[in-house]
1. I'd like the full set of residues that are open to solvent by 20 Å² or more (accessible area, probe 1.4 Å), hydroxyl-bearing (Ser, Thr, Tyr) and assigned to a helix (DSSP H, G or I), limited to the range 22-76.
2. Looking at the range 56-74, I want the residues that are free of Cβ contacts under 8 Å to residues at least 60 places away in the same chain and farther than 14 Å from Ala24 by Cβ and have a partner that is assigned to a helix (DSSP H, G or I) and among the hydrophobic types (A, V, I, L, M, F, W, C) with Cβ atoms under 7 Å, at least 6 apart or on another chain. Which pairs are those?
3. Quick one: count up the residues across the range 12-21 that are outside any loop (DSSP other than H, G, I, E, B) and of a type outside the set (Ser, Thr, Tyr).
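The values are calculated or read from the model by the stated rules, or taken from the named source; none is laboratory data. A quick note: this is a predicted structure, and the numbers were derived from the prediction, not measured. Virtual Cβ from ideal backbone geometry, glycine too; neighbours counted across all protein chains shown. Heavy atoms of the whole protein, side chains included, go into the accessibility calculation; ligands, DNA and RNA do not. Shrake-Rupley method; radii C 1.70, N 1.55, O 1.52, S 1.80 Å.
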Amino acid sequence: MAEANESRHDRSRTSSGLSERDEAVLAFERQWWVHAGAKEQAIRAEFGLSAARYYQVLGALIDSPLALAHDPMLVKRLQRLRDTRTAARRRRSLGTTDDTN
């Protein structure tokens, strides 16, 4: 059922060129979440997606020029957060703790 819901949102495009779901994801990301568990429950309730699938969708979305044009401050903030987390994972996997890399 989530897949049918997901594809229905993918087909409907808004004036920004983004799908309705993509705009909804960006609006959802504008909210600040205090507890990670609360956000994951809200993702399931709002989008009918698992947290893993939602973050796959979000990752692709923040690389989209349409998303950047739609909400540049939010998309750049999300890109910075992703880049910071990726760098931290890379440092951990290499066994370094130096924050200068």
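1. Result: Tyr55, single match.
2. Ile62/Val75; Ile62/Leu78; Leu68/Val75
3. Keep residues of the range 12-21 that are outside any loop (DSSP other than H, G, I, E, B), which gives 13, 19-21.
Filter once more, keeping what is of a type outside the set (Ser, Thr, Tyr): 13, 20-21.
Going through the range 12-21 one residue at a time, the tally reaches 3.
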